[in-house]
1. From the list A:Ile35, A:Ile25, which residue is farther than 24 Å from B:Ala49 by Cα, in contact with a Leu (Cβ under 6 Å, 6 or more places away or on another chain) and surrounded by fewer than 19 Cβ atoms within 10 Å (Cβ to Cβ)?
2. Do you know which of the residues in the range A:95-120 that are closer than 22 Å to A:Ile46 by Cβ and of a type in the set (Val, Ile, Thr) is nearest to the other protein chains (Cβ to nearest Cβ)?
3. Of the residues that make up the range A:3-22, is at least one in contact with a Lys or Arg (Cβ under 9 Å, 6 or more places away or on another chain), within 13 Å of another protein chain (Cβ to nearest Cβ), surrounded by fewer than 17 Cβ atoms within 10 Å (Cβ to Cβ) and modelled with pLDDT under 95?
4. Would you check which residues across the range B:65-112 are touching a helix residue (DSSP H, G or I) at 6+ places or on another chain (Cβ under 7 Å), among the aliphatic types (A, V, I, L, M), in contact (Cβ under 8 Å) with a residue 40 or more places away in the chain and closer than 16 Å to B:Val39 by Cα and list them?
5. For the range A:128-151, what are the residues that are modelled with pLDDT of 65 or more and either on the phi > 0 side of the Ramachandran plot or assigned to a helix (DSSP H, G or I) (or both)?
6. Could you check the range A:76-94 and list, in sequence order, the residues that are out of contact with any strand residue (DSSP E or B) (no Cβ under 6 Å at 6 or more places or on another chain), surrounded by 19 or more Cβ atoms within 10 Å (Cβ to Cβ) and either part of a strand (DSSP E or B) or within 7 Å of chain B (Cβ to nearest Cβ) (or both)?
7. So, B:Val72, is that one within 7 Å of chain A (Cβ to nearest Cβ) and not in a loop (DSSP other than H, G, I, E, B) or not?
8. Please state which one of B:Leu29, B:Leu67 is under 25 Å from A:Glu55 (Cα atoms), of a type in the set (A, V, I, L, M) and crowded, with 20+ Cβ neighbours inside 10 Å.
Amino acid sequence: MNPFKELLKNLENLKENTEASFTGIFINTKPFLVISDYEGKKRANIEEKLSHLIEKSLEIEEVMEDFGKKYTYAEGEEIAIFIFYINDSITIGTIIEKKPRFALILLEHEIMSNKLKEKPDFLKELSLLDVENISIEELLKDREEKIETKEVEQEEEEEEKTEIYVEKDDTIEEVPSLEDLIQESIEEYKKLHQEEKELEKKVKEERSSNYVDPVVLEHIEKEFVKEIGPIAKLIFNRKVSELNINPKQLKTEDIVLLIQELAKEIRLEDRKEKFLNETNDLL
Amino acid sequence: MARNFNEVLNIVIRDAGAEGAVLVSPDGLAIASVLPANVDEDRVAAMGAAILSLGERVATELEKGELEQLYVKGTKGYMIFTGIKDMAVLGVLAPADAKLGLLLMEIKRAAKQIEELLG
């Protein structure tokens, strides 16, 4: 997948999960990729002010050597501003216009940062972008066109090879009889049918083992953090350990039990119900 | 009055396990400070006033009232800046293993005391 498209998708998830009104990637303190509820001049003003704030916050290294900045958090009655430093050049700036849940905000930014750090080459490419002279639309379009052009070139190459092959074969081999062709088709069909059966068997086996994608654990933890706050991670890890859950061999029954145990830790009934509803969808 | 401010700052450091504290005027000058030797009082003061002010500009743009507090977390610890009405900024430096809840509570208490001292 086009890495810029993936970046955009991850940013959209971040915005949705934190209920932010503004979130954006800033490169060398300049806004690069922004998703915002604000428009026009208001959006431009916010981008500018956030940009200045990021710039000032980076000076902390001059105040205290090797401070190793991780994030900046500012809170008011009805607003939270969160700046997360991915590296010296790239930051995420987010604004939430309601009573914030700090633990959730931090978790979501860490998830996004980790996803980016899994692609060091792309991260490096981002760090070197000249934000003022390039637009994200161009990057998305450019990459897609390049990918399409490459695919077309590959197809043309293969066609040429096939043509050459056919030319050579035409002069040497005899044209096969109709019976031979029919027999060939039958053999081909039998082979495909056999492969399909084996595939079905494999899928059945996997289903019967009830193994679940370990990413489900992350989602459950996220939902739990939403309902219980900063202490959630501690309780979550303890429960996983107590239930002897192996993330690499997750079974449906493990997940069901974990959700039940976590739900017991939520005191308020409406929050418990919300947690159960959200996590049942995952199953 | 300077002695009183220093007393308040020392109490925050003692009770919250902080490493240092500084009281800053709105234009970024230190009023009082109790800081480690390797930390430049003027720089911390200027940083505190500026960064809180820049954060407040974002809040003002969105008409969301005042920004109560701003802190920067690093591998070395925390730098926490708390606005005291329009009168001053209280800056506190804390180690990475500081108990944030206790720290914020003590800072709030200190901010109230300073507000009373400043009248």
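1. Just one listed residue meets the conditions, A:Ile35.
2. It comes out as A:Ile95.
3. no
4. Result: B:Leu90, B:Val92, B:Ala94.
5. If the condition is that a residue be modelled with pLDDT of 65 or more and either on the phi > 0 side of the Ramachandran plot or assigned to a helix (DSSP H, G or I) (or both), then A:Val131, A:Glu132, A:Asn133, A:Ile136, A:Glu137, A:Glu138, A:Leu139, A:Leu140, A:Lys141 are the ones that fit.
6. Listed by number, the list holds a single entry, A:Ile79.
7. yes
8. B:Leu67
The values are calculated or read from the model by the stated rules, or taken from the named source; none is laboratory data. Computed from a predicted model, the values in this text were never measured in an experiment. Ideal geometry is used to build each Cβ from the backbone, glycine not excepted, and the neighbour counts take in all protein chains shown.
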